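*Asks:* Please find one structure pasted underneath; my questions will follow.
A short reminder: the numbers here are calculations on the coordinates, not readings from a lab. From a predicted model like this one, the values you see are computed outputs, not experimental measurements. Positions of Cβ are generated from backbone atoms using ideal geometry, with glycine treated the same way; all protein chains shown enter the neighbour counts.
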Amino acid sequence: MNPELDARVLDFLTDVLGAMGLSLDVALDETPDAARVNITGEGADTLLRRQGETIDALQVIVNTAFRREERGDRHYIVDVQGFRKAKDDELRQMAQSLMEKARDSGIAQEMGPLNPYERRLVHLTVADEPGMGTVSVGEDFLKTVVISVSAQT
């Protein structure tokens with residue numbers, strides 16, 4: 001937790017949203033593995049068009065603008081009215097389902113294409129399950145995650 005950095009991130013997002021013509025509330029909630037930036041207010045739903053591509057872009061911009069040297073391993077997660085949280089829960093459930101399918105069938109399961117944030121969520125979800133493993137496949141920004149029974153059991 002870095003209160004000075006968090007304040008700069010909130011100011012930065014407020015300025016970016018202002019440049020987009022939006023006057024929204026921006027608040028930060030600390031979670032064990034990240035800082036969740038919640039954007040709310042009248043008109044916030046405009047950021048959710050096209051399956052939330054705008055908040056994906058804002059999240060990439062924030063995590064790029066405030067480089068790892070400043071924030072360490074901590075990530076900023078940009079959410080609007082709980083949209084990302086719901087999508088994250090859905091992604092974790094799908095990863096769980098594909099893990100079970102891979103374990104039962106012995107056949108690796110593919111999930112994707114996923115952006116880096118989504119891939120990280122899948123990798124972390126699978127990492128919590130003993131005997132299961134993941135690997136990202138592809139050369140582009142969007143990659144496929146392969147979930148399989150790991151050889152190291």
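*Asks:* Suppose R0 equals 30 Å. What FRET efficiency, 1/(1 + (r/R0)^6) with r the Cβ-Cβ distance, do Thr54 and Val135 give to the nearest 0.05?
*Replies:* The computed FRET efficiency comes out at 0.50.
*Asks:* Ok, one more. Would you please give the residues with an amide H less than 5 Å from that of Leu28, counting only those at least 5 places away or on a separate chain, with H modeled from the backbone geometry?
*Replies:* Hits under the 5 Å cutoff: Asn38.
*Asks:* Report, by chain and number, residues whose modeled amide H sits under 5 Å from the one on Ser150, excluding near sequence neighbours (fewer than 5 apart, same chain).
*Replies:* Placed amide hydrogens put Met132, Gly133 under 5 Å from Ser150.
*Asks:* Same structure, new question: Expressed as a whole number of Å, what is the distance separating the alpha-carbon centroids of the stretch 104-153 and the stretch 22-81?
*Replies:* Between the Cα centre of the stretch 22-81 and that of the stretch 104-153, the gap is 24 Å.
*Asks:* Where in the chain are the DSSP H helices whose alpha-carbon span along the long axis reaches 15 Å or more and whose Kyte-Doolittle mean is at least 0.0? It would help to have the intermediate numbers written out before the result.
*Replies:* On the way: long enough: 3-19 (24 Å, 0.52); 49-65 (24 Å, -0.21); 83-105 (33 Å, -1.38); 116-127 (16 Å, -0.13).
Answer set is 3-19.
*Asks:* Based solely on its DSSP helices, what 222 nm [θ] is calculated for the chain when runs of n ≥ 4 H residues each add -39,500 (n - 2.57) and the sum is averaged over all residues, nearest 500 deg cm²/dmol?
*Replies:* Estimated from H runs of four or more residues: -15500 deg cm²/dmol.
*Asks:* Treating only the Cβ of Lys, Arg, Asp and Glu as charged (+1, +1, -1, -1), what charge dipole size does the chain show about its Cα centre? Round to the nearest 20 debye.
*Replies:* 340
*Asks:* Only sites in a loop by DSSP and with at most 12 other Cβ atoms within 10 Å count here; which GluC sites (Glu not before Pro) in the stretch 67-153 make the cut?
*Replies:* Loop-located and lightly packed - Glu139.
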